[in-house]
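Novice: Got a structure for you, questions after.
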Amino acid sequence: MSARRPAEVLDWARAFAEEELAPSAGEFDRTGQLPGSVIRQLADAGVLGAVVPPRWGGAGMDALDYGELTEVVGKACSSTRALLTVHTSLVCETLVERASDRIKDKYLPDLASGRRIGCFALSEADAGSDAASVTTSYTRQRDGFVLNGRKKWISFAGIADLFLVFATDNGVLSAFLVDRDTPGVRTAPMTGFLGNRATHIAEVVLTDVAVPEENLVGRIGAGFGFIANTALFHGRYSIAWAGVAIAQAALEEMCTYATRREQFGVQIGAHQLVQKMVADAVTNVDAARELCRQAGRARAERSVEAVMRTNIAKYFSSTIAQQVTSDAVQVLGGNGCWDQYPAERLFREAKILEIIEGTSQLQQVMIADHGYKTFARKS
Ligand SMILES: Cc1cc2nc3c(=O)[nH]c(=O)nc-3n(C[C@H](O)[C@H](O)[C@H](O)COP(=O)(O)OP(=O)(O)OC[C@H]3O[C@@H](n4cnc5c(N)ncnc54)[C@H](O)[C@@H]3O)c2cc1C
């Protein structure tokens with residue numbers, strides 16, 4: 001299949017999400033596996049290369065359509081949506097924006113078509129929010145670099161073909177594309193996560209890994225300010241829509257249940273305390289989606305406000321996703337705590353969004369800083 005135009009990709013995704021992903025999301029979560037056949041279908045339909053320009057085989061989707069695509073997929077299955085966040089946003093969008101033409105020509109066609117899967121290897125055991133403190137090292141060789149270190153919590157590292165790795169040379173942070181086949185690359189699966197259970201999270205162990213000069217992404221020293229921050233800007237936009245997606249799914253669960261379940265001789269939805277939870281959810285989902293759209297418009301216009309609009313959207317939508325899913329569990333009562341209903345999975349998935357792509361506290365720090373600069377009276 002070669003559904004490559006944005007509208008075709010979106011139409012295909014809507015049908016696939018409803019017919020294939022939503023009914024299987026619970027099983028993916030239980031087994032901890034995103035089947036290769038699902039990834040293949042997403043790839044063939046152009047979903048994994050959605051934002052990559054047509055020049056490299058992608059659909060060239062704009063920010064608003066990509067947001068909707070993320071919501072459509074994420075509402076059906078968070079682990080599948082995570083593949084878009086990691087492969088499409090963190091890796092593909094970053095390479096499109098920051099990599100040399102040589103890297104783009106060499107890697108983007110395979111990434112856009114999903115023939116190869118990319119992952120983003122920044123975090124380490126002692127470098128989470130303080131990502132610039134990574135200790136994975138690189139040293140210069142005559143015709144390239146040698147990498148050593150250990151990356152933790154790397155989504156899709158278990159199945160990825162390419163790793164966007166961040167490493168330091170005495171505090172000079174740089175980014176490299178590393179092929180899984182390179183001698184010295186090893187991954188070790190990590191299990192037992194609260195959510196994103198089918199995202200093949202692994203440690204990435206690099207032992208004397210030789211990386212050719214041309215696989216340096218950006219310049220030496222550009223790893224954090226230029227490459228990682230660009231990637232996180234794209235990843236955050238994806239997570240903002242992921243929050244809308246999960247909250248929308250939880251809203252539908254709570255409304256459906258509240259209009260079917262009866263207690264005290266009436267539908268529970270007729271009780272005003274239940275109505276309050278539903279009203280808050282409707283309002284918050286609406287507000288979060290609108291903040292995401294504002295961020296999308298700012299991104300499409302390449303506005304200087306795009307970064308802060310994305311931070312605000314990510315912070316708000318992950319916060320309300322947590323609230324809405326918690327209320328959905330509440331409305332479903334005992335059934336909300338049972339894995340035969342989706343509410344408990346949505347509740348677990350929502351919490352992850354407050355941690356990844358910059359925790360809520362880090363978003364608050366950046367948003368408050370923006371507030372002081374923008375709103376403090378100068379005289
Ligand atoms: C499911 C999952 C998937 C992931 N996938 C990836 C991936 O693909 N690639 C990757 O590189 N990483 C990945 N990560 C790692 C993720 O990016 C980190 O967990 C995240 O950056 C937070 O770092 P940390 O866990 O070390 O927490 P810490 O940084 O130790 O933070 C712990 C707490 O301290 C707070 N805190 C820290 N600093 C400050 C501060 N300055 N001000 C206020 N509060 C602060 C935090 O907000 C948090 O509440 C993943 C994590 C999870 C859970």
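Novice: If you stretched the chain out fully between residue 137 and residue 374, how much longer would it get, using 0.36 nm times the residue separation minus the C-alpha to C-alpha distance?
Specialist: Extra length from residue 137 to residue 374 when fully extended: 81.5 nm.
Novice: Looking at the chain as a GNM with Cα springs under 10 Å, which of 242, 125, 63 has the largest mean-square fluctuation?
Specialist: Sorting by GNM fluctuation, first place goes to 125.
Novice: Could you list which residues have their amide H under 5 Å from that of residue 124, counting only those 5 or more apart in sequence or on another chain, with H placed in the peptide plane?
Specialist: Long-range HN contacts for residue 124: 152.
Novice: Also: Work out how much length residue 193 to residue 263 would gain on full extension: take 0.36 nm times their residue separation and subtract the Cα-Cα distance, in nm to one decimal.
Specialist: 21.7 nm
Novice: Place a point 7 Å from Cα of residue 106 in the direction of its Cβ. Which residues in region 138-175 have their backbone N less than 12 Å from it?
Specialist: Only 144-145 pass the distance filter.
Novice: Here is a follow-up. If we count other beta carbons within 10 Å of each Cβ, what is the order of 277, 254, fewest first?
Specialist: Fewest to most other Cβ atoms nearby, the residues stand as 277, 254.
Novice: Another one. Going by how many other beta carbons lie within 10 Å of each one, how would you line up 138, 341, fewest first?
Specialist: 341, 138
Novice: Per DSSP helix of 4 or more residues, -39500 (n - 2.57); summed, then divided by the residues of the chain. What does that give at 222 nm, rounded to the nearest 500?
Specialist: -15500 deg cm²/dmol
Novice: Let me ask you something else. Please give the net charge around residue 292, taking every other residue with its beta carbon less than 12 angstrom from that of residue 292, where Lys and Arg add +1 and Asp and Glu add -1. Walk me through the intermediate numbers first.
Specialist: Numbers: positive: 236, 289, 293, 297, 299, 309, 314; negative: 68, 71, 286, 290.
The answer is +3.
Novice: Next question, about the same structure. On a 18 Å Cα-Cα criterion, which of the cross-link pairs 75/351; 314/351; 314/373 come out too long? Mind dumping the intermediate values first?
Specialist: Working: 75/351 15 Å; 314/351 13 Å; 314/373 20 Å.
Among 75/351; 314/351; 314/373, the Cα-Cα distance tops 18 Å for 314/373.
Novice: Tabulate in residue order the Karplus-calculated ³J(HN,Hα) for region 133-142, using 6.51 cos²θ - 1.76 cosθ + 1.60 with θ = phi - 60°, rounded to whole Hz; enter x for Gly and Pro.
Specialist: Ordered by residue, 3J(HN,Hα) equals 8, 4, 10, 3, 10, 10, 10, 6, 10, 4 Hz.
Novice: Net charge around residue 49, counting only other residues with Cβ within less than 13 Å of its Cβ (Lys, Arg = +1; Asp, Glu = -1)?
Specialist: Values: positive: 4, 5, 55, 104, 115, 116; negative: 8, 44, 93, 110.
Local net charge: +2.
Novice: Between residue 15 and residue 31, what is the label-to-label distance in nm when each label sits 7 Å out along the Cα-to-Cβ direction?
Specialist: Rounded to a tenth, the inter-label distance reads 2.4 nm.
Novice: Among 87, 271, which comes first, second and so on when ranked by fewest other beta-carbon atoms within 10 Å?
Specialist: Values: 87 28, 271 15.
Result, fewest neighbours first: 271, 87.
Novice: Something else: For the chain, what does the relative contact order come out to in percent, with C-alpha contacts under 8 Å and a separation of six or more? Spell out each step's value before the answer.
Specialist: Numbers: 738 pairs, mean separation 59.2, N = 379.
Averaging sequence separation for qualifying contacts and normalising by length gives 16 percent for the chain.
Taken together, the values in this text are just the output of simple stated rules run on the coordinates, not laboratory data. Because the structure is a prediction, the values reported are computed rather than measured. Using ideal geometry, Cβ is built from the backbone for each residue, glycine included, and neighbour counts are taken over all protein chains shown.
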